[in-house]
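Everything below concerns the one structure shown next.
The values are calculated or read from the model by the stated rules, or taken from the named source; none is laboratory data. These numbers were taken from a predicted model, which means no experiment stands behind them. So basically every Cβ, Gly included, is an ideal-geometry build from the backbone, and we count neighbours across all protein chains shown. Note: areas computed on protein heavy atoms with side chains; ligands, DNA, RNA excluded. Shrake-Rupley method; radii C 1.70, N 1.55, O 1.52, S 1.80 Å.
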Amino acid sequence: MNTTALEKIQAAFPDAICKVVLESVVLDVRPENLESTLSRLKNEPEFNCGLMVDVTAIDYLEYPQPPAARFYVVYTLRNWEKNILVQVRTPVLDPQAGITSATHLWGAALFGEREVYDQYGIHFQGHPDLRRILNHWQFEGHPLRKDYPIGKGQICYETDSLEKEIRARLAKKGVDDATLKDINTQVMFLNLGPSHPATHGAIRILTALDGETILANVNEVGYLHRGFEKTAENRTYNQIIPLTDRLNYCSSMLNNIAYAKAVESWLGVTITERAQFMRVVLSEFYRVLDHLVCLAAALVDMGGLTNYWYLYNEKEAAYDLISRLTGARLTSSFTRIGGMYRDFYDGWEKDLEVQLRGIEKGIGDSLKLVETNRIVHDRTQGVCILTAETALNYGFTGPTLRASGVPFDLRKDAPYYNYESFDFEVPVGSNGDIYDRFMIRFYEMAQSIRIIRQAMKHIPEGPINIKDSQVVLPAKQQVYSNIEGLANHFKLIFEGVKAPAGEWYDSFEAANGELGFHFVSDGSGKPYKLKVRPPCFYIMGGFHKMVEGNMIADAVINLSCINIIGGELDR
Amino acid sequence: MALGLESSLGDTVITTKLDEVINWGRQYSLWPFVFGTACCAIEFMSAAASQHDISRFGAEVVRFSPRQADLLLVCGTISYKQAPILKRIYEQMPDPKWVISMGACACSGGIYDNYCTVQGIDTIIPVDVFISGCPPRPEAVLDALIKIQDQIKGETVLKDRHKDFKGILD
């Protein structure tokens, strides 16, 4: 598929070095050509990369064969209609001088480039608001640089006031200082969070209000930044799986599966049929659970507490099945590179079917309260509308993007694990308002349950792990009874699964959208760099586009319907 | 009940020690403020939902204003960026107040031994009960609540707890 894309791109950019890595075409461009390359990839109809998936940097300081420049910046772009994934790499010769910003092309770059600046100290010329995002404002240095010691914490004594930012945003919306001082205009600043019932975790939403209407909004994230990426650089590939549980903790196994799939794709490993089906069943089940929690909490925010019991109790009941299967309630750590931790237990089909019926009942009960409820309609329809164009521009993916009418779903557009052979639909919204974002999750749950039932019917018998002693641990019997098994076990535990040197990006349709992992390997058992592309992060980056012009109470339910999960947002 | 006054006052009056009656009241009407930041907050949601039902222990009135709460439940990782907020929330709670540190992250930084995670919230605010686990089960939350209740039983209104506490932000 991508060889044609490669030829096309190579022909269009003769100066760049192009190659195909897994699903993506990688272009190496010189810094002075970066801007023109990016803008052509976005604007020329034959490429049409309207979605900026991610931006990150790589520090080659300790890389075995380092390239000439220490830092590289990588933009990951996607043409969702034709499934073309492009990565544009450029060297950064002087991080202080930096490179040109892509903020005029994609709104997603506003958050993305701030993160690169914060973590690597690379400047972006022309970025309107280049400041720290994940680390606090009193932080010094850039933690993802290889010469920053992992344990060097820095105390923050005071939170940032954000006053400058909200005033800048107000000015951009046409409210200047003179208007603010005018006695007839009463602009009030209202701060929600980071510890507020409406923020579902630690996010800070600062609004400038005229009456109850939001004139301007700026947001602060990073309160749950836990250094996932730096920690991962010091762990073997299998040791990172427990860390992935804690990205989107409402659907931990989806992250496990997405991560394992990303590593396996580079190793060239195809997992067994049974393991593939297991992963489909479990990822769809967790997608349902994720949506249940989101809707339960969101409807509480709207005042419908009963829905919480209908929906959340089903999630609680699911923990019985999950505990029997994985041994844990929330943080499952159930995948391994090359397969799964365990097979299903005997009689799982019956338990799962009972569970699915319960969930269907819960959804049905909740829908009866919500679907034709006048109050719900009045509060959500036509409120906080986000057009498809803006959603794409800000890097939205998943249900939030589909609610705006873009039918992009990796399970359909870049299928993996036999998704192309399952019979399911991708629900799409028509208005991009809060109502669509709510209902799309209800419909997606029904579709996921459909997929689970099909997969349960067709799941084959057989092993769950591949037979490759370089990847999968030997059976315990082997470890305890012969030296080869013991040595094999020892090497895999201590050195980890060795991934060939190189760089790759792989993505997965998680509950909130495209969950991607960008790896750099130096050939050892630990990733040289691991960047997560979290769906939430970019959705939060476009939050102001949804709420400005709407009322403060709408912002609260809008936040709950986009399902921001701190672990994934701030990593 | 040791003064022997009941016989002269009749059975409409009971006598007791001030500490005991106050502690009895405090024990069974703790109002938690949930400082939920991460995964542990989801397990707190389970503790509050029907199956485990924290209201059986008199602590279901979850407040979202620190000024109305007397039990701070820190559920989840506290980063250095979050630390000053946690401290301010704690300070805004009126005395007497108790703190539960829920989960490995809040207790010790957990698996996040790195540049951004506070290695235990007891470096910022005084903690009464620690819950282990990543995340702890809802039963463990209930157990911690019972431990706090036991602790309250032995306290006195005359003593100002944690007056001399000094954390890294003080």
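Worth pointing out:
- Among the criteria (1) part of a helix (DSSP H, G or I); (2) farther than 21 Å from A:Phe408 by Cβ, the one A:Pro500 does not fulfil is (1).
- Residue in segment B:29-40 that is away from chain A (no Cβ under 13 Å), among the β-branched types (Val, Ile, Thr) and within 13 Å of the chain's Cα centre (by Cα) present: no
- Selected residue (criterion: most open to solvent (accessible area, probe 1.4 Å)) from residues of segment A:459-485 that are within 30 Å of A:Lys315 (Cα to Cα) and out of contact with any Ser or Thr (no Cβ under 9 Å at 6 or more places or on another chain): A:Glu461
- Top-ranked residue in segment B:41-50 [being touching a residue at least 60 places away in the same chain (Cβ under 8 Å) and at the interface with another protein chain (Cβ under 8 Å from one of its Cβ atoms); ranked as surrounded by the most Cβ atoms within 10 Å (Cβ to Cβ)]: B:Glu43
- Meets criteria (within 17 Å of A:Ile58 (Cβ to Cβ), of a type outside the set (D, E, K, R) and over 23 Å from the mean Cα position of the chain (by Cα)) for A:Tyr157: no
- Evaluated against (1) modelled with pLDDT of 90 or more; (2) within 13 Å of chain A (Cβ to nearest Cβ); (3) open to solvent by less than 10 Å² (accessible area, probe 1.4 Å), B:Leu71 falls short on exactly one condition, (2).
- Taken over segment A:513-536, residues that are assigned to a loop (DSSP other than H, G, I, E, B), crowded, with 21+ Cβ neighbours inside 10 Å and more than 17 Å from the chain's Cα centre (by Cα) amount to 0.
- Among the residues of segment A:537-571, not one is open to solvent by 10 Å² or more (accessible area, probe 1.4 Å) and among the aromatic types (Phe, Trp, Tyr).
- Any hit, segment A:178-198, residues being of a type in the set (A, V, I, L, M), more than 14 Å from chain B (Cβ to nearest Cβ), assigned to a loop (DSSP other than H, G, I, E, B) and loosely packed, with under 14 Cβ neighbours inside 10 Å: yes
- Whichever residue in segment B:117-170 is closer than 18 Å to B:Pro94 by Cβ and in a helix (DSSP H, G or I) and, among such residues, is farthest from the other protein chains (Cβ to nearest Cβ): B:Ile152
- Condition check for A:Tyr312 on (1) closer than 28 Å to A:Glu503 by Cα; (2) modelled with pLDDT under 90: one failure, at (1).
- Residue among A:Gly141, A:Gly151, A:Gly174 that is assigned to a loop (DSSP other than H, G, I, E, B) and either surrounded by 17 or more Cβ atoms within 10 Å (Cβ to Cβ) or away from every other protein chain (no Cβ under 14 Å) (or both): A:Gly174
- Neighbours by Cβ (under 8 Å, 6+ apart or cross-chain): first from segment B:9-21, free of Cβ contacts under 8 Å to residues at least 24 places away in the same chain; second open to solvent by 100 Å² or more (accessible area, probe 1.4 Å) and aliphatic (A, V, I, L, M): B:Ile14/B:Met1; B:Thr15/B:Met1; B:Thr15/B:Leu3; B:Thr16/B:Met1
- Odd one out for A:Ile214, checked against (1) more than 14 Å from chain B (Cβ to nearest Cβ); (2) in a strand (DSSP E or B); (3) out of contact with any helix residue (DSSP H, G or I) (no Cβ under 9 Å at 6 or more places or on another chain): (3)
- Test: B:Asp113 is among the acidic types (Asp, Glu) and either free of Cβ contacts under 8 Å to residues at least 40 places away in the same chain or open to solvent by less than 20 Å² (accessible area, probe 1.4 Å) (or both): yes
- Selection within segment A:415-451: residues that are in contact (Cβ under 8 Å) with a residue 40 or more places away in the chain and assigned to a loop (DSSP other than H, G, I, E, B). The member of this set that is nearest to A:Val370 (Cα to Cα) is A:Asp433.
- Elements of the type strands (runs of 3 or more DSSP E) sitting completely within segment A:1-99 and holding at least 3 residues that are open to solvent by less than 10 Å² (accessible area, probe 1.4 Å): these cover A:24-28, A:51-59, A:71-79, A:84-92.
- A:Leu243 crowded, with 23+ Cβ neighbours inside 10 Å, in a helix (DSSP H, G or I) and within 14 Å of chain B (Cβ to nearest Cβ): yes
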